[in-house]
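What follows is a single structure, written as C-alpha cells, with notes after it.
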Amino acid sequence: MNRFIDLRVAVTGGTSGLGLALVQQLSARGARVAFVARGRERVERVARECPGTHGIVGDVSLKTDIYPIAVQILGELGGLDVLINNASDLGPATLRLLGDTDCEDLERALATNLVGPFRLTKAVLGALSASARAGRGAVVLNISSDAALNPYPTWGAYGASKAALRHLSAIWDSEIAEQGVRVLSLDPGDMDTPLHAQAVPGADPSTLKRPQVAALEMIDAIMAALPVVERDLDGALAIAGHQRVQ
Amino acid sequence: MIAAADPVQRPQDAKLLVVDALGHISHTRRRDFVDLLRRGDLVIANDAATLPASLTGRHLSTGSEVEARLAGRRSLSVDDVGSYSAVMFGAGDFRTPTENRAAPPLFVPGDDLALGPLRATVTKTLGHPRLVSLQFDGSVAEIWAGIARHGRPIQYAHITSPLSLWDVWTVIAGPPVAFEPPSAGFVLDWQALSTMSARGIDFATITLAAGISSTGDTELDARLPFDEPYEIPSATAHAIDRALSDGRRIVAIGTTVVRALEHAATGRRSVRAGQGVATQRINETSRLQIVDAILSGVHEPATSHHQLLRAFAGGTTLREADAVMSARGYRTHEFGDSVWFEREPASTQG
C-alpha cells in the first residue's frame, strides 16, 4: 500500500534547495503537497513543474502573512498531516563575526528561522491534532543544522536561530505528543543549496550532499514518525494493530 | 446584558452560568469549566477555522461600494469553493451597526462584482434582495489566495477594533470553512485539552461551516441559521457510539456541535459518519438524541442560538437564567461569558 496517497504535506521554502527537493519527491510519491515561497514567479514555475501541487506566495517571516498562508494550506488540502518548516535565512548576506552583524540581520534570521515556524505551527496545530485524532498521525519537521549544536565562528545569527528552533522543537514535542502530534528537528547535513552557496561561496559542490538525497532521508524520518494506517475499501482509516470499531 | 467589546478569547474573569439537569442555577469561573466534566465524558467541539468572509469591493455596473459577507456553501469539499451564498451590504463597514448599514444596489443575475483581486458574478438572488448566490472566477488556488489575502473576518459594531484571523481562530481550528467563529470553542486551550486527557475525559471534533449570526435585516434574520454543511470524522462517530452504548455523557462545545450531531443521529443511539448538510432548527420541540450537555456563549433571547437552549431546559428555567445573567452583568456575544446547560429529563420541561 502506498502510504503517501492522501498524505497532506506543507513545505515552506519550497522553490529551491531542500524544500524544492521535498516538494518534488513527496509529490512524485503521491502525497498532496502545498508549498510556500516568497517569489510569485518561482512559485508558479514549481507548481507547473510539479502538477497537482499547490503553490502559495507568502513570507513566513511576516506576521501578517502567516494566517493567509494557513488559510490557503488548510483550504486547498482540506487539513494537514505534515508541516515542514524548511524556509531559512542566513541572517547577514555573507557570514561575519557577531560583532560585525547588524541587529536587523539577526532579527531577520530569528523571524524566518524561529518565529515564523512558531507562528505557522501554532496556526495549523488544530488541523494537525485533528489528523492525529483521526488516526492519521501528524508531524511537524523543523529543518535544523549542525550550526544549531556547534558554535561555529561567523555563523552566529543563523546558528543562534537554529539552536533556538531546535530547543523549541524538543519542548513542543514533549508537550504535544499526548495529542498525537510529533515535532521533529533534523539536520539534513551540508547540502549543495543556494543557502550554502551564499554562506560558503567557494565550496566544491562535489563535497556537498545533494538536496535530493537529504530530502529522501527527511521523508524517511517523517514516515517513521507517522502511524501505519490501513484504508478500507470505503476509505475509512483504521490503525494497524487495532480492531476497527464497527 | 452587555456586549463584550474586547477580542480576548479567554479573559481571566470570564463567568460561567451553570444550569444542572434539575434546573438549579449556579456560577463559576469559566476557566474552571473542566471541573464540570467527569471521567468518561466525551467532549465534542467544532474544529472549523474561520474564513476571512467579509469581502469589500464594487458592483461594476453601478460603481457602488459593496461588502459581501459569505454566508453559506453547498459542501465542505475542498474543490467546491467557487460558489457561495452571501449577504450583501452597501457602503460602510463593521463600525456601523448592521441594521443601520446602507443598502446595496439592487442585484440582477449576471451582475459582476470586483472584490479586491477577486471577480464574482451574482448568479441569482435567494428570496431576498440582499441574499445572493455568488460565483467566483478563477482557479481554486486563485480563489483561495484572493479570499486569504483580501478578506477580513466578519465583524459587528460591538467590537471597535478591526479583527484579525488570529482573534477568531480557536486553538483547534482546522479546515477554514466557518463564516463566523464557532466561538464556544474559545474556552479551549491546549492546557485544558491536556488536563482533560489526564482526567480521562475524551475529546473529539466535528467540522461544521458555522454561518453568520446576524444580518441586520429582520426578514433575513428570521431565516437563520442557514443550511450548514458538516463532516463527522469516523473516529468521532465511533467515539460517540461507544459513549452512547456505555451511557457516558456527551458534551457539546457550542450550538453548531448540537446541530451537526442531532442532524446525523440515526434514531438508533448512533450517528452517521461523513458529510451532511444540517438544515433543521433546534428549539423547544426538539427531542435531543445525542447531546447531554452544552457549553455555549451567552445569547440574547429571540436569537436562534437562544432557541436551541430550549431543547436543554424549559422556558421557566431559561427565563430565570436570563434574569440572573442580566442582574450579574454577564456579557454577550462571541467574546463574552458562557453558559453550561445539562439536558433536563423531557418530562420536566415546560
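The values are calculated or read from the model by the stated rules, or taken from the named source; none is laboratory data. Fair warning: this is a prediction, and the values are worked out from it, not measured in the lab. When we count neighbours, we look across all protein chains shown, and the Cβ atoms used for this are built from the backbone with ideal geometry, even at glycine.
A few comments on the model shown:
- Of the strands (runs of 3 or more DSSP E) lying entirely inside the stretch B:249-306, those carrying at least 1 residues that are under 17 Å from B:A209 (Cβ atoms) are B:250-253, B:274-278.
- Extreme residue, nearest to the other protein chains (Cβ to nearest Cβ), among residues of the stretch A:133-143 that are within 18 Å of the chain's Cα centre (by Cα) and aliphatic (A, V, I, L, M): A:A138
Yes/no per residue for (1) more than 21 Å from the chain's Cα centre (by Cα); (2) loosely packed, with under 15 Cβ neighbours inside 10 Å; (3) not small (G, A, S); (4) not assigned by TED's automatic domain parsing to the domain that holds B:V177:
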position: B:S26; (1), (2), (3), (4): yes, yes, no, no
position: B:V66; (1), (2), (3), (4): yes, no, yes, yes
position: B:L70; (1), (2), (3), (4): no, no, yes, yes
position: B:Y84; (1), (2), (3), (4): no, no, yes, yes
position: B:V87; (1), (2), (3), (4): no, no, yes, yes
position: B:G90; (1), (2), (3), (4): yes, no, no, yes
position: B:P97; (1), (2), (3), (4): no, yes, yes, yes
position: B:A102; (1), (2), (3), (4): yes, yes, no, yes
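- Residue in the stretch A:101-116 that is within 12 Å of another protein chain (Cβ to nearest Cβ) and either within 30 Å of B:A48 (Cβ to Cβ) or buried (at least 19 other Cβ atoms within 10 Å of the Cβ) (or both) present: no
- Qualifying residue in the stretch A:56-71 (condition: over 15 Å from the mean Cα position of the chain (by Cα), among the aliphatic types (A, V, I, L, M), over 24 Å from A:L168 (Cβ atoms) and assigned to a strand (DSSP E or B)): yes
- A:V228 vs. criteria at pLDDT below 90, on the phi < 0 side of the Ramachandran plot and either surrounded by 18 or more Cβ atoms within 10 Å (Cβ to Cβ) or of a type in the set (A, V, I, L, M, F, W, C) (or both): yes
- Qualifying residue in the stretch B:187-200 (condition: more than 10 Å from chain A (Cβ to nearest Cβ), out of contact with any Lys or Arg (no Cβ under 9 Å at 6 or more places or on another chain) and crowded, with 24+ Cβ neighbours inside 10 Å): no
- Which listed residue, of A:S88, A:S169, A:S161, A:S185, is assigned to a strand (DSSP E or B) and in contact with a Ser or Thr (Cβ under 8 Å, 6 or more places away or on another chain): A:S185
- The residue list B:I172, B:I154 contains one member that is touching a helix residue (DSSP H, G or I) at 6+ places or on another chain (Cβ under 7 Å) and either buried (at least 20 other Cβ atoms within 10 Å of the Cβ) or facing chain A (nearest Cβ under 10 Å) (or both), which is B:I172.
- Residue list for the stretch B:94-147, filter: charged (D, E, K, R) and touching a Ser or Thr at 6+ places or on another chain (Cβ under 9 Å): B:R95, B:E99, B:D111, B:D112, B:K124, B:R130, B:D137
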